[in-house]
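What follows is a set of notes on a single structure, which appears directly below.
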Amino acid sequence: MNRKIVCLALLVLLLVTNTALAASWTRVGRTDKDDPINMSGASYSEYIDKASVRKDGDRLIYWHKLEYDKLDEDSGEATLTKNEVLLSTLKTRTLETIDYDGHGVEKKRYSEPTGWVPYQKGSQFEKKIQVALKYAKDGKDAGPAPKL
């Protein structure tokens, strides 16, 4: 009997863990390689994980994905960033960055937060923040990195 309870508890824990890490990406932008604001030289799409967006006062935290177009078998890299935004002062910073290769394998992880950077009202960045705010739930942290 105890063995069945332990197995059931482990199964529930596994399901909860997988659900907690599941991502719900929504596209918030697209930049073509010829766009003057594009400094990477490659086309890419941007997404926000709706499930990760948390708001605490004027502070917003969410996971963002930059996904480069797949041109061949070895391309299609992606970068996940955990971003923090101070809505009242129009400042943002990156809390964590994870780079992935074209096969979804983690290449590098940076856990050192960057300095605060201002952004302007009406900018492309602010438009992404407005999308994130639609999905914001109360909370202080966006949690661990979601799945690609």
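Taking the conditions exactly as written (buried (at least 19 other Cβ atoms within 10 Å of the Cβ) and either among the small types (Gly, Ala, Ser) or in contact with a Gly (Cβ under 9 Å, 6 or more places away or on another chain) (or both)), does Ala42 satisfy them or not? No; evaluated as a whole, the condition is false for this residue. Regarding the stretch 129-142, can at least one residue be identified that is hydroxyl-bearing (Ser, Thr, Tyr), assigned to a loop (DSSP other than H, G, I, E, B) and touching a residue at least 12 places away in the same chain (Cβ under 8 Å)? Yes.
Within the stretch 100-118, can you find the residues that are within 30 Å of Asp58 (Cβ to Cβ), without any contact (Cβ under 8 Å) to a residue 24 or more places away in the chain and outside any loop (DSSP other than H, G, I, E, B)? Result: Arg109, Tyr110.
In the set Val105, Val117, which member is β-branched (Val, Ile, Thr), over 20 Å from Gly29 (Cβ atoms) and exposed (fewer than 14 other Cβ atoms within 10 Å of the Cβ)?
Details: Val117 fails: over 20 Å from Gly29 (Cβ atoms).
From the options Val105, Val117, the qualifying one is Val105.
Bear in mind these aren't lab numbers, they're just calculated from the coordinates by the rules spelled out. What you see is a predicted model; the values in this text were computed from it and never measured. Every residue, glycine among them, receives a Cβ derived from its backbone with ideal geometry; neighbour counts consider all protein chains shown.
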